[in-house]
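The structure appears right after this line, and notes come after that.
Values in this text are rule-based calculations from the coordinates and carry no lab data. Remember, it's a predicted structure, so these values are computed and weren't measured experimentally. Glycine gets a Cβ as well: all are built from the backbone with ideal geometry, and neighbour counts include every protein chain shown.
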């Protein structure tokens with residue numbers, strides 16, 4: 001059980017303040033940490049040609065910004081999906097939504113001769129279409145034997161995610177090597193700095209998706225009672241479902257083109273937030289945004305600092321997420337798979 005949490009706007013503001021403070025601490029540590037340790041404050045004010053300034057402004061700060069945006073997007077998406085499906089194991093990666101977005105984005109970038117400006121418009125658009133299409137397909141396939149249950153949705157999503165990874169590998173094998181460079185990094189997940197416009201796009205989709213989810217927070221709280229009970233309270237269940245999937249598709253579409261299929265952020269972070277903020281989505285969603293940003297910045301810092309050879313950040317999140325997933329199964333038993341819902 002989650003501890004009792006006082007109601008009121010003061011709690012929400014405390015969550016924002018605590019989240020911002022935690023993210024600031026993690027970002028400062030990340031700016032200082034790497035193959036070359038630097039003082040981020042001194043490096044920021046150093047001359048433009050100073051090596052520490054070049055490292056800070058040219059390499060670490062843009063990457064940390066992207067990691068924060070991607071982590072915030074995945075954290076918010078995971079919180080919303082867990083609330084919508086009433087299942088603690090739901091997240092964009094497990095449900096195959098990230099995989100569908102990555103596959104469509106890769107197909108667009110490989111099949112079309114895109115310049116930099118065209119890619120900025122086409123690739124995220126393809127990722128958005130892939131995320132929406134996958135969410136719809138997973139829901140449709142899970143509903144073939146009747147109303148979809150959390151169990152069938154999760155299992156169907158796992159299958160779709162595996163298929164997406166296999167198809168991405170196939171595209172990498174047959175595509176022109178000059179246009180397929182780096183495709184396999186999308187499967188495991190790696191932060192890729194592609195310039196300020198891509199960061200601005202990720203920030204825009206994060207803002208739009210977060211606003212949609214915050215606007216649906218009360219309805220998601222009602223859905224915790226079950227779809228029939230929520231409908232009895234006047235909640236349009238199908239409308240809420242469409243809005244949440246639209247928000248998740250936006251969040252994933254901004255994140256996947258610069259990170260690939262980073263897994264487990266949307267699984268771990270909402271659980272940690274609920275452990276101290278309670279289950280009210282008006283607190284969980286903003287907490288998951290701050291927590292996801294801090295978590296992925298920390299994970300990416302470990303990925304580029306643990307070994308002489310840089311690891312993809314997806315390796316670190318998987319090493320954290322795999323045991324966490326098994327812990328949830330062990331703790332929740334059948335209810336973690338939705339059989340008790």
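Mean sequence separation of contacting Cα pairs (under 8 Å, at least six apart), scaled by the length of the chain, corresponds to a relative contact order of 32 percent. From the Cα gyration tensor of region 78-224, with a ≥ b ≥ c the square roots of its eigenvalues, which class applies: rounded if a/c is under 1.5, or else prolate if a/b is larger than b/c, or else oblate? In terms of gyration-tensor shape, oblate. With R₀ set to 22 Å, the beta-carbon distance separating residue 192 from residue 162 gives a calculated FRET efficiency near 0.45. Shape index of region 224-286: Rg/Rh, with Rg the Cα radius of gyration and Rh the Kirkwood radius from the inverse mean 1/r over Cα pairs, equals 1.04. Each label point was placed 7 Å from the Cα along the Cα-to-Cβ direction; for residue 173 and residue 48 their separation is 4.9 nm. Altogether, the Stokes-Einstein calculation at 37 °C and 0.692 mPa s, with the Kirkwood radius of region 9-337 over Cα pairs as Rh, returns a diffusion coefficient of 164 µm²/s.
For region 199-341, the orientation-averaged shadow of the C-alpha convex hull comes to 9.5 nm² (one quarter of the hull surface). Relative to the dominant Cα principal axis of the chain, helix 97-111 is inclined by about 50°.
Summarising the label geometry, the points placed 7 Å from Cα in the beta-carbon direction at residue 224 and residue 14 lie 1.7 nm from one another. The calculated P(r) of region 35-90, using every Cα pair and 10 Å bins from 0, goes 22, 30, 19, 16, 12, 1 in percent. D by Stokes-Einstein for region 138-245, Kirkwood Rh over Cα pairs, 10 °C, 1.306 mPa s: 91 µm²/s. With helices as the sole contributors, the chain gives -24000 deg cm²/dmol at 222 nm; each DSSP H run of n ≥ 4 counts as -39500 (n - 2.57), and the sum is divided by every residue. Taking the chain as the reference, fit the longest principal axis to its C-alpha atoms, fit the long axis of helix 313-332 to the helix C-alpha atoms, and give the angle between the two in degrees, 0 to 90, nearest 10. So the helix axis and the longest Cα principal axis differ by about 20 degrees.
With respect to the chain, whose longest principal axis is taken over its alpha-carbon atoms, helix 237-259 is tilted by about 20°. When both region 262-317 and region 143-169 are represented by their alpha-carbon centers, they are found 24 Å apart. Highest mean packing comes first when the peptides 129-141, 265-277, 53-65 are listed by Cβ atoms within 10 Å, giving 265-277, 129-141, 53-65.
Annotation: region 57-117 has a Kirkwood hydrodynamic radius of 13.8 angstrom, from the mean reciprocal C-alpha pair distance.
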